[in-house]
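Taking it in order: structure first as structure tokens, then the write-up.
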Amino acid sequence: MDPRRTARTVSDPKVRQVGFFTPAPPERSISDPPRFQDPIQPPSPSPTQVNDHSPSGNSLSPVMIPPAHHHSDNFLRTALQATSPPKAFSYSAKTVTIPPENEDVASSFSPGRKVVSAKSPSSFPGVKASSVPASELTTVSVVNLPPGISEKAGGASVEVQNDRPVSAKTLKEKTSKAERRALQEAQRAAKAAAKGTCCLCYSDSGVSVGYGYVPSMVYLVYFTFVLNNFVPVDHYVFLAEGTKASSAASMVVTSANTKPSKAAKPSSQKNDGSQVAASEKKGGDRAPEKDRKKDAPHPRMQYDDKSRVEKAKKRAVVKQTEARNRVELFRHLPQYEHGTQLPDLETKFFELNPMHPAVYKVGLQYLSGDIRGGNARCIAMFQAFKEAIKDYSTPPEKTLIRDLTARISSYVSFLIECRPLSISMGNAIKFLKNRIAKLPLALSESEAKSTLMLDIDRFINEKIILSEKVIVKHAVTKIRDGDVLLTYGASSVVEMILLHAHELGKHFRVVVVDSRPKLEGQLLLRRLVRKGLSCTYTHVNAVSCIMQDVTRVFLGASSVLSNGTVYSRVGTACVAMVAHAFRVPVLVCCEAYKFHERVQLDSICFNELGNPDAISKVQGREEINYLDGLVNQENLQLLNLIYDATPSDYVSMVITDYGMIPPTSVPVIVREYRRDHLWS
Amino acid sequence: MDFQVVVLAGGNSKNLTPLVSKELPKPLLPVANCPVLHYVLHQLEQSNLKDLIVVVEGEDAALLVGAWISGTFIDRLHVEIAAVPEDIGTAGALRAISHHLTAKDILVVSGDLVSDVPPGALAATHRRHDAAVTTMLCSIPVSGPLESGSSGGKDKAKKLGRYNIIGLDPSKQFLLHIATGAEIEKDARISKRILHAVGQMEMRSDLMDAHMYAFKRSILQEVLDIKDTFQSLKEDVLPYLVRSQLKSEALLNRTPQGEENSNEKVSSQNNQAFISRILANASTPSFHGLYSENPDGSSSTRKTHKCCVYIASSSSYCVRLNSIQAFMDINRDVTGDADHLLSPNNIIGPSPKLGTKTTVGPNCRLGEGSEMGDKCQVKRSIIGRHCRIGSHVKVVNSVVMNHVTIGDGCIIQGSVICSNVQLQERVVLKDCQVGAGFVVTAGSEYKAESLAKKEK
């Protein structure tokens, strides 16, 4: 009880005032009005009642987190032991048969001689007879390719085998000053909190806690304290130091790029300062990240750093003309002249040799906005990768693990150029790369490929589809007859919840709140209305008026971050805050694979900028042209943000595939399940 | 990129009668001293498409074309030549080679297209929309010689046949209606279904079908199989696909469903449906999707396919060589405005021998080994290799092919003179076409005539 309150007060005063914060209503901290508490869950005389009076205003009792063996365990097991190719897969189903006559002609033909058209009467198997006599092809010009080396070199694979266990071992031992300090603090706090038996252990990625008889409630509170207390502060300091430091901070936070060399010397770790320690804190143990670093621009590149931008431009496949008038505060985000990219990329269609057509297609669709939404983008990307893996063959003298990782990295960097990755995609890519890195070396190429493709399928099925179903199941219990549900934008999960509740025969009304310029809500509205739901449609401008009738707000999310911040379509924060002011519970539906360990306090440091033309022009209304000719003027800056961050204070509950949890418990899920699912 | 390229090179075109002959099939017709097929192949090579199938009408023509390709593009392109019977049309030609088509999508390019529009753009549009067919439209070229008012009216009447009437959706991405050939004169028949689904259609007559298509192979082969009377891609297959885009009957029955879901149980099918629904919901639906939807929102049995267009930007150059006028225009443009189309090694050979006081104006091209006498004038013209031109000759707005002998005092305006032609002294030609090997007797004057040797 106490530690939680102290934790909040420690981190609250300065750090937390950056983002969207309205001064908290005074009566909130004293006692919650009954309306706020009632609709979601009747107050229960459980230990959670303690929580009701906490300043965060969370009246919800967190659902018990299920133990870690969900469906993930057999997932792991099957994936790892898949040394034999699964029967289900037939990736070589279609083989192209080249008629042998062609080969003969090609070899016998020499330039300068007269062309002899081969008149072979043999028919091609499986070819339908057509009315016109079939004609043969005569090869008249051949490109001579140098004969390739067909055998794989054995040495490389041996080398890989050697160095991997070593790095794994050294990584285990490292701890650092800041980490230990954090642990000590945490220990103290935990003692005060629980007075239970609580033992701590170290691990390679940050603080993890082993616990004996501590009730899970206390455990959640305790962990939240640790994170709130330290990570945001670190992050904040880095940001304040300027561009370089902030880019360093971004490295820390995304935790993708720990150099293997650093990890290899555990003895020097102790003497290092806290900054290095901070970077180690989240360090993963992924060996082939070096490759990625080489050819992919960092996903969190600071775009106001001119030299880095120049370097990235040289590598870029997509021609990117940077927009000129950018809002000062958002200079660090990439923004390009929209409209120049697509035609340019299209003309290069056949020239991009290393790019797989499926990946290319997905990139085009991202760029043109044909695919949007976290889940859809993730699925599309994975399906493209699956095809790319299917067609992949290891070049001579390379090992599959390294080469495929590099290949995937180049695809990813291409996709980033088309549109910045969403957090869910980042997680999915991490998963895939990790699966590649963890492939047993003994596997043959075809086995490895089929294993990977199975992994991808499983990821899509379990992490996206199954978890959506679970979320729907959970969320439907929160819908009662007579409810008025409000949703913003078009979230695939929320849509499914609404449809499912409708199928169950519940009587409720839906308010779809939408906003320009994308007007995604209209598509949702269309589908809902067709299914027979009674809907109200309004724009976000009117949300404060409509909120009076609303009993629940269901929101989708692009990601939920470690401090409970919900990163979602721009406008979500506004809706959540209005709902909070009206004491309407806000339920955020988000699959657990979209959670991220990053901590974000505002929507400035990481965001995505959309096409500024989209907001300066109104589609279909030519007469609204007040900004014509002004767009390129120096003193006009257009800002079209894609995402915003909703502070956890305005979120009553996060519905995820592990149950319904308060936003403060997100880090627990990130820590407990991320390791099992994505990284192991 | 899983594209197969088919170049329909054609054979002996009737539209170009005095110019093309048995010895010189249309693909080898020189445009600025460089066969017209070279432009297409060069363009494809530039976009990294090196596996080509070139379809030529007629065995003899195929031999000639094959010999030329193997001489020019050896070690640069992997070209396969298919000879098809004459007069089976473009659709027939594709039907004849359809068993060689294995890739997912087929890019069909006409061999007489002189253009700088990258084929990749078309292919990318095709892929992005997952279309059944994508066609390239370009704006109708400015035709007619720049400085000759005499032939203006007549040419316009002749060129009407090239116009298309094209219906586009408001986003200018989908093709809703196309009328080609003789249909232009008739009343336009527009499907009510399509109009209802789209709501708004934009009719354009300033666009031209450039005869560069990307087809989905399965659909193309099926159409060719079922409709065996179809002769032409442009006049039969494409309008058919456009007409039937909202009720594609037999077309999509054989979608690859069978391949995918045979391996797992019903649950995976559910998942598949789930995934496709998420993906479908994520994108802005085109009218196809909206149309195929039942009123209750579930996707129904109505099959649709998409017919997309890629509209080349107005700054790009794109002309088909399918008439004598077009031939003249292309020759003029290639040496003038659109000279970037010529690959550098073909621009000028070793400098020809010029007599004294001979002037060669701008926008001219002289082939290697040509000799000119004294006091000649050459303006906006192309002169091929090893021509012998006497003195006091004036060549304006004309094309002179290889091994032509022109006597003293000839005046040639707006004419095409094919290879091995002999013009004796003081011949005056205006807007004429002289077939290969013809001998024009001394002192004769011709105006707007087509001269050719009698077929033996």
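The values are calculated or read from the model by the stated rules, or taken from the named source; none is laboratory data. Bear in mind that the values here come from a model prediction, so they are computed numbers and not experimental data. Positions of Cβ are generated from backbone atoms using ideal geometry, with glycine treated the same way; all protein chains shown enter the neighbour counts. For accessibility, only protein heavy atoms count, side chains too; no ligands or nucleic acids. Shrake-Rupley method; radii C 1.70, N 1.55, O 1.52, S 1.80 Å.
Annotations
- Taking the conditions (1) assigned to a loop (DSSP other than H, G, I, E, B); (2) open to solvent by 20 Å² or more (accessible area, probe 1.4 Å) in turn, A:Tyr392 satisfies each one other than (2).
- Among the residues of this structure, A:Arg526 counts as one that is of a type outside the set (Ser, Thr, Tyr) and at pLDDT below 90.
- Residues being open to solvent by 10 Å² or more (accessible area, probe 1.4 Å) and under 18 Å from the mean Cα position of the chain (by Cα) - total across the stretch B:87-114: 4
- Within the stretch A:519-546, restricting attention to residues that are of a type in the set (Lys, Arg) and free of Cβ contacts under 8 Å to residues at least 12 places away in the same chain, the residue that is surrounded by the most Cβ atoms within 10 Å (Cβ to Cβ) is A:Arg526.
- Complete set of residues in the stretch B:405-431 that are of a type outside the set (A, V, I, L, M), closer than 23 Å to B:Lys375 by Cβ and either touching a Ser or Thr at 6+ places or on another chain (Cβ under 9 Å) or part of a loop (DSSP other than H, G, I, E, B) (or both): B:Gly407, B:Asp408, B:Gly409, B:Cys410, B:Gln413, B:Gly414, B:Ser415, B:Gln422, B:Gln424, B:Glu425, B:Arg426, B:Lys430
- Residue among B:Ser98, B:Ser13, B:Ser47, B:Ser70 that alone is out of contact with any helix residue (DSSP H, G or I) (no Cβ under 7 Å at 6 or more places or on another chain) and among the small types (Gly, Ala, Ser): B:Ser70
- Out of A:Leu454, A:Leu432, A:Leu364, A:Leu400, sole residue that is touching a helix residue (DSSP H, G or I) at 6+ places or on another chain (Cβ under 9 Å) and either open to solvent by 30 Å² or more (accessible area, probe 1.4 Å) or closer than 30 Å to A:Leu504 by Cβ (or both): A:Leu454
- Residue identified as touching a strand residue (DSSP E or B) at 6+ places or on another chain (Cβ under 6 Å), within 14 Å of another protein chain (Cβ to nearest Cβ) and either modelled with pLDDT under 90 or assigned to a helix (DSSP H, G or I) (or both) among A:Ile465, A:Ile471: A:Ile471
- Check on A:Val513, away from every other protein chain (no Cβ under 12 Å), in a strand (DSSP E or B) and at pLDDT 90 or above: yes
- When the stretch B:353-399 is filtered for residues that are among the charged types (D, E, K, R) and over 17 Å from B:Ser415 (Cβ atoms), the ones remaining, listed by number, are B:Lys353, B:Lys357, B:Glu368, B:Glu371, B:Asp374, B:Lys375, B:Arg385, B:Arg388.
- Pairs linking a residue in the stretch A:576-594 that is closer than 17 Å to A:Arg480 by Cβ and without any contact (Cβ under 8 Å) to a residue 12 or more places away in the chain to a residue that is of a type in the set (Val, Ile, Thr) and outside any helix (DSSP H, G or I), with Cβ atoms under 6 Å and 6 or more positions apart or on different chains, do not occur.
- For the stretch A:572-625, the candidate set comprises residues that are polar (S, T, N, Q) and open to solvent by 30 Å² or more (accessible area, probe 1.4 Å); within that set, the residue that is nearest to the chain's Cα centre (by Cα) is A:Asn611.
- Scope the stretch A:373-388; condition facing chain B (nearest Cβ under 7 Å) and free of Cβ contacts under 8 Å to residues at least 40 places away in the same chain; matching residues: A:Ala380
- When each of B:Ile69, B:Ile81, B:Ile74, B:Ile53 is tested for being farther than 20 Å from B:Leu220 by Cα, facing chain A (nearest Cβ under 9 Å) and part of a strand (DSSP E or B), the lone residue that passes is B:Ile81.
- So A:Val493, is it within 14 Å of chain B (Cβ to nearest Cβ) and surrounded by fewer than 21 Cβ atoms within 10 Å (Cβ to Cβ): no
- Top-ranked residue in the stretch B:97-122 [being aliphatic (A, V, I, L, M) and outside any loop (DSSP other than H, G, I, E, B); ranked as nearest to the other protein chains (Cβ to nearest Cβ)]: B:Ala121
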